[in-house]
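Written out below as structure tokens is the structure these notes cover.
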Amino acid sequence: MDNARGLMLLLGGVGVGMLTAGAVMTVRGMRGKEEIHDELIRQKITFSGRGLPDGLDRYAGRRVENGTHARVFSEVIGGNVRKATDGHSCSENSADLHAASGKGEELAELRQTAFMGRPCGPL
């Protein structure tokens with residue numbers, strides 16, 4: 001009987017601990033979401049009113065205000081970088097530049113585009 005009572009106390013304690021941890025994690029997640037929102041608002045990032053890929057028209061002219069918007073914005077930039085570099089990565093462009101003995105100005109610009117994520121078109 002003592003073993004059963006001890007087990008019940010242990011399981012009860014574990015349950016209380018998990019409920020507490022769940023509540024703490026939920027509050028921290030909500031605060032994190034607020035912090036991301038506030039930081040994005042401070043950065044004043046805005047989608048272009050034109051030139052967005054198909055299906056993203058609803059973001060035209062809108063500010064990036066949350067994680068979903070930031071993900072979409074990063075996908076637009078990634079698409080522009082892939083387009084500008086013909087799908088080559090920064091390291092591939094660097095290798096091409098080294099093979100050209102560093103004399104390829106266009107290759108240097110492509111490497112910088114792939115590295116910095118500079119868009120080739122409007123955002």
Checklist entry - Are any of the residues in the range 17-35 surrounded by 12 or more Cβ atoms within 10 Å (Cβ to Cβ) and at pLDDT 90 or above? => result yes
Item to check | Residue tally, condition of a type in the set (Lys, Arg) and in contact with a helix residue (DSSP H, G or I) (Cβ under 6 Å, 6 or more places away or on another chain), over the range 45-75 | outcome: 0
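Does residue 41 satisfy the condition of being surrounded by 10 or more Cβ atoms within 10 Å (Cβ to Cβ), touching a strand residue (DSSP E or B) at 6+ places or on another chain (Cβ under 9 Å) and β-branched (Val, Ile, Thr)? Spell out how you get there, then give the answer.
Details: surrounded by 10 or more Cβ atoms within 10 Å (Cβ to Cβ): yes; touching a strand residue (DSSP E or B) at 6+ places or on another chain (Cβ under 9 Å): yes; β-branched (Val, Ile, Thr): yes.
Against the criterion (surrounded by 10 or more Cβ atoms within 10 Å (Cβ to Cβ), touching a strand residue (DSSP E or B) at 6+ places or on another chain (Cβ under 9 Å) and β-branched (Val, Ile, Thr)), residue 41 qualifies.
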Checklist entry - Which of the residues belonging to the range 13-52 are of a type in the set (A, V, I, L, M) and farther than 20 Å from residue 68 by Cβ? => result 14, 16, 18, 19, 21, 23, 24, 25, 27
Item to check | Residue ID - surrounded by the most Cβ atoms within 10 Å (Cβ to Cβ), chosen from residues in the range 52-68 that are over 9 Å from the mean Cα position of the chain (by Cα) and closer than 21 Å to residue 34 by Cβ | outcome: 64
Checklist entry - Within the range 57-91, how many residues are in contact with a Ser or Thr (Cβ under 8 Å, 6 or more places away or on another chain) and at pLDDT below 85? => result 3
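The values are calculated or read from the model by the stated rules, or taken from the named source; none is laboratory data. Note that the structure is predicted; figures quoted are calculated from it, not measured. When we count neighbours, we look across all protein chains shown, and the Cβ atoms used for this are built from the backbone with ideal geometry, even at glycine.
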